[in-house]
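Got a structure for you, written out below as C-alpha cells; questions coming shortly.
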Amino acid sequence: MGFILGGLDTESYDREYGDIELLRRIVGYFRRRARAMLIVAGSILLNSLFEAGVPLVVSESIDMVAEAPDVLPIVLLSLGVIVLQSTAWVLNYIRQKHSAQAIGDVVLALREDVFAAVSEHDLSFYDDQPSGKIVSRVTSDTQDFSNTVDLTMNLLSQLVSVMIIGVVIFRINVQLALIMLAMTPVVFGIALSFRKIARKVTQDARRVLARVNANIQESVSGIAVAKSFRQEATMYREFSTLNDQSYRIGLMRGIVMRSIFPILSGSFGVATAVLLYTGGLSALQGVQAAVQDLPLPLGSISVGQWYLFMQAMGFFWFPMVSIASFWSQFQDGLASAERVFALIDAEPQVEQVDTQPVPELRGHVEFRSVCMTYTGDETVLPELSLTIESGETVAVVGHTGAGKTSIARLLARLYEFQEGRLLIDGQDIRTFDLQEYRRQMGFVPQSPFLFSGTVGDNIRYARPDADDEAVMEAAGQVSHGEWLEDLPHGLDTDVGERGSSLSMGQRQLVALARVLLQRPAIFVLDEATASVDPFTEAQIQEGLEAVMRDRTSVVIAHRLSTVRNADRILVMRDGRIIEEGDHDALMAQGGHYAELYDTYFRHQSLEYVEKAKDLAE
C-alpha cells in the first residue's frame with residue numbers, strides 16, 4: 001500500500017491524540033447543548049422501548065393464535081402494533097430534529113473555534129502551511145466529524161434495542177440466548193482488527209484531499225502567470241497526478257471501510273444457521289407436546305417464542321454489525337476531529353508573558369541584544385541593539401537577506417525573537433495585550449492585501465466603526481486625495497479579488513489611507529515602489545509623508561526619495577547594523593552605503609539621469 005500512500009507527510013503541527021482524549025473534547029462541545037442532548041437521550045430510550053415492543057406483541061399474537069384462535073384479541077394486538085410503531089415514528093422524529101440541531105450547533109461552534117485559532121496563529125505559521133490545506137480542515141474535516149456524530153446517535157438507539165431484546169430472550173431460553181451471544185467476541189475482535197488501518201487510511205484520505213484543495217487554490221491564484229508562460233498543461237499534469245493519488249487512496253479507504261460489513265455478515269450467517277436449527281427443534285418439541293396435550297419438555301419453546309428469537313436475530317445482529325463496523329467508521333470521525341484539534345492546538349511562536357493594557361504610545365523603540373532565527377538553524381539577527389526615538393523616521397537598507405524585514409516583523413510582533421528584549425516606551429513588548437498593541441501599530445507589507453469590496457471598505461478595515469467622513473478624510477490626506485480621481489467610482493470603486501481591479505500603486509495608496517485612518521503611534525513599511533510609474537511614485541511619497549508625520553516610522557527602503565527624507569539611515573549586512581547616519585554623512589564615508597547607492601539608488605537620482613542625458617548628447 002506504500003505506492004498509494006507515499007508522499008503524504010503530516011503537517012508540522014500535527015499530533016496524535018488518544019481516543020479517550022478526543023472523546024473527552026468532543027463531549028465537551030456537546031455539554032454546551034445539554035438540554036437538546038437530554039431530549040435526544042430520552043427519545044432514544046423511549047423509541048427503543050416501543051420498537052422492541054413490536055416483536056414482543058407479534059410473538060404473543062402467534063402463541064394466542066396457536067392456542068385458541070380468537071378475532072378480538074388478535075385485532076387488539078394488531079392495533080397495539082400500529083400504536084407502537086406510530087409512537088416510535090413520532091419519537092424518532094423528535095430525536096432526529098433535536099439531534100440535527102445539536103450536531104449543527106456543535107459543528108458551528110467547532111468551526112468558530114478552529115477559524116478563531118487560524119486567525120490567531122502567528123504569521124510564521126503560514127510560511128510553510130498552504131492555505132488550501134487549512135481550508136480543508138476548517139470545512140471538510142468538521143463536516144465529516146458531524147456525519148460520524150449523527151451515526152453515533154443512530155447507533156445508540158440500536159444499542160438500547162439490543163439490550164431490551166437481550167433481557168427478554170434470556171428470560172425465554174438461556175441456551176439459545178447464549179448461542180446468540182457467543183458470536184459477540186468474534187464481532188468485536190474483527191472490528192478491533194480494522195481499527196488501526198481504518199484510522200490510517202482515513203487520515204491519508206484527509207491529507208491528500210487537503211493537497212488537492214491547496215493545488216486548486218494555488219493554480220487558480222496563479223493562473224495569469226501560468227498562461228503567460230504557457231504552462232497550462234504542466235498545471236493540469238500536477239493536478240492530475242494529485243487527483244489520481246486521491247482516487248487511489250479513496251479507493252483503498254472505500255475497500256477498507258466497506259469490507260468489515262460483509263465479513264461480519266458472513267460470520268453471523270453461521271450463528272443464524274445454528275440458531276435456526278436449534279430453535280426449530282425446540283419449537284417442534286413444543287408443538288408435538290401441545291398436540292399430544294403433554295407438558296412442555298425442558299428447554300423447549302413455543303412457536304411464538306421461536307419467532308421472537310428469529311426476530312431478535314435481526315434486532316441483535318444488525319445493531320451488532322453496526323456497532324462493529326461503526327468502530328471503523330468511528331475512526332473516520334476521530335481522524336477528522338484529530339486534524340481539527342491539531343489545527344486548534346498548534347503551538348504559537350509569538351508568546352506574550354502578560355496582557356497588560358497598552359496606554360497611548362509615544363513610539364520610543366529599543367532593541368536590546370535581540371537575537372532572532374526563523375527555523376532554529378540560521379540566526380538572522382545576532383545581538384541586535386538599536387534605539388529609535390519617538391517621532392523619528394528610520395530607513396533600513398541592505399542587500400537581500402541582510403535582516404531588514406526581520407526588524408519590521410519583530411516590531412509588528414508578527415514573529416518571535418529568541419533572546420534579548422524589545423522595549424516600547426520602556427516596557428517589554430511581550431507584556432502588552434497583543435490586540436491593543438497592534439491597534440497602535442501600522443504595518444504595510446511589500447504587496448498590500450486588499451479584501452473583496454470597495455476602496456472605502458478596505459480603508460475602513462482599520463476601524464470598522466469609522467464613518468464615511470473619517471474614511472474620506474484619511475483618503476484625502478494621501479496625495480491630497482488626487483488619486484481618487486483616477487478611480488471610476490471614487491471610494492465606491494470595487495477592488496476585485498485581492499485588489500486585482502487596481503494597479504499596484506493604487507493598492508499601496510489604499511493601504512496608506514488605511515493606516516492613516518488607524519492613526520498608529522508606530523508605522524512600519526516594507527516599501528516596494530519599483531514597479532510603479534514616476535507619477536504614482538510621487539503620489540505614494542506624498543502619502544508616506546502624511547503617514548510618517550509626527551509618528552515613529554521604520555521603512556524598509558527601496559527608493560532614494562525615502563532614504564533621503566529619513567532622519568536616520570541604518571545600513572545592514574548579515575543581520576548587523578554596520579553603518580548609520582543621514583544620506584550625506586554615509587556617502588561621505590564611502591562605505592557599504594555608498595556601494596548600495598551605486599548599485600541600487602544612483603539610477604534613481606535626478607542628477608544621475610541628467611548627467612546620462614548630457615553624455616548621450
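Scan region 487-522 for residues that are among the charged types (D, E, K, R) and either assigned to a helix (DSSP H, G or I) or in contact (Cβ under 8 Å) with a residue 12 or more places away in the chain (or both) and jot them down. Lay out the reasoning, then the answer.
Narrowing region 487-522 to residues among the charged types (D, E, K, R): 492, 494, 497-498, 507, 514, 519.
Matches in region 487-522: Asp492, Asp494, Glu497, Arg498, Arg507, Arg514.
Any idea how many residues of region 387-419 are in a strand (DSSP E or B) and buried (at least 18 other Cβ atoms within 10 Å of the Cβ)?
7
I would also like to ask the following. In the list Gly481, Gly543, Gly456, Gly476, which residue meets the criterion of being part of a helix (DSSP H, G or I), open to solvent by less than 40 Å² (accessible area, probe 1.4 Å) and at positive phi? Explain how you work it out, then say what you get.
Values: Gly543 fails: at positive phi; Gly456 fails: at positive phi; Gly476 fails: at positive phi.
Residue meeting the stated conditions: Gly481.
Which of the residues belonging to region 523-540 are under 24 Å from Ser406 (Cα atoms) and either in a loop (DSSP other than H, G, I, E, B) or modelled with pLDDT under 70 (or both)?
Those that are under 24 Å from Ser406 (Cα atoms) and either in a loop (DSSP other than H, G, I, E, B) or modelled with pLDDT under 70 (or both): Glu527, Ala528, Thr529, Ala530, Ser531.
Filter region 484-502 down to residues that are of a type in the set (S, T, N, Q) and surrounded by 15 or more Cβ atoms within 10 Å (Cβ to Cβ) and give me whichever is farthest from Pro445 (Cα to Cα). Give the steps one after another, and end with the answer.
Pass one, region 484-502, residues of a type in the set (S, T, N, Q): 493, 500-501.
Keeping just the survivors that are surrounded by 15 or more Cβ atoms within 10 Å (Cβ to Cβ) gives 493, 501.
Numbers: Thr493: 22, Ser501: 19 Å.
The selected residue is Thr493.
Table: residues versus (1) in contact with a helix residue (DSSP H, G or I) (Cβ under 7 Å, 6 or more places away or on another chain); (2) touching a residue at least 40 places away in the same chain (Cβ under 8 Å).
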site: Glu378; (1), (2): no, no
site: Val394; (1), (2): no, yes
site: Thr405; (1), (2): no, yes
site: Asp428; (1), (2): no, yes
site: Gln435; (1), (2): no, no
site: Val444; (1), (2): yes, yes
site: Gly453; (1), (2): no, yes
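Name the pairs: first residue in region 234-246 and touching a residue at least 60 places away in the same chain (Cβ under 8 Å), second residue open to solvent by 40 Å² or more (accessible area, probe 1.4 Å), Cβ to Cβ under 6 Å, at least 6 apart or on different chains?
none
Which residues, taken from region 565-590, are in contact with a Gly (Cβ under 9 Å, 6 or more places away or on another chain) and either under 24 Å from Ala546 (Cα atoms) or aromatic (Phe, Trp, Tyr) (or both)?
Across region 565-590, the qualifying residues are Asp567, Arg568, Ile569, Leu570.
Checking Gln158 against (1) touching a Phe, Trp or Tyr at 6+ places or on another chain (Cβ under 9 Å); (2) at pLDDT 70 or above: exactly one of these is not met. Which one?
Gln158 satisfies all of (1) touching a Phe, Trp or Tyr at 6+ places or on another chain (Cβ under 9 Å); (2) at pLDDT 70 or above except (2).
Something else: Answer yes or no as to whether Met163 is within 23 Å of Val274 (Cβ to Cβ), part of a helix (DSSP H, G or I) and either at pLDDT below 70 or open to solvent by 30 Å² or more (accessible area, probe 1.4 Å) (or both).
Yes; evaluated as a whole, the condition is true for this residue.
Further question: When only residues in region 337-386 that are assigned to a loop (DSSP other than H, G, I, E, B) and of a type in the set (S, T, N, Q) count, which is surrounded by the most Cβ atoms within 10 Å (Cβ to Cβ)?
Gln352
Would you mind telling me which numbered condition in (1) open to solvent by 40 Å² or more (accessible area, probe 1.4 Å); (2) closer than 20 Å to Gly505 by Cβ; (3) part of a loop (DSSP other than H, G, I, E, B) Arg463 fails?
Looking at each condition in turn, Arg463 falls short on (2).
So for region 327-336 (the condition being outside any strand (DSSP E or B), over 24 Å from the mean Cα position of the chain (by Cα) and at pLDDT below 80), does at least one residue qualify?
There is at least one residue in region 327-336 that is outside any strand (DSSP E or B), over 24 Å from the mean Cα position of the chain (by Cα) and at pLDDT below 80.
Pull out all pairs, ordered by first then second residue, where Cβ-Cβ is under 7 Å, the residues are six or more apart or on different chains, the first lies in region 585-599 and is crowded, with 17+ Cβ neighbours inside 10 Å, and the second is of a type in the set (Asp, Glu).
Cβ pairs passing all conditions: Leu586/Glu579; His592/Glu579; Tyr593/Glu579.
Table: residues versus (1) of a type in the set (Val, Ile, Thr); (2) under 13 Å from Ile94 (Cα atoms); (3) outside any helix (DSSP H, G or I); (4) open to solvent by 50 Å² or more (accessible area, probe 1.4 Å).
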position	(1), (2), (3), (4)
Tyr17	no, no, yes, no
Ile20	yes, no, no, yes
Gly28	no, no, no, no
Met37	no, yes, no, no
Asn47	no, yes, no, no
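For region 551-612, which strands (runs of 3 or more DSSP E) that fit wholly inside it have 3 or more residues that are closer than 29 Å to Leu516 by Cα and at pLDDT 90 or above?
568-573
The values are calculated or read from the model by the stated rules, or taken from the named source; none is laboratory data. Because the structure is a prediction, the values reported are computed rather than measured. When we count neighbours, we look across all protein chains shown, and the Cβ atoms used for this are built from the backbone with ideal geometry, even at glycine. Calculation scope for accessible area: heavy atoms of the full protein, side chains included, ligands and nucleic acids excluded. Shrake-Rupley method; radii C 1.70, N 1.55, O 1.52, S 1.80 Å.
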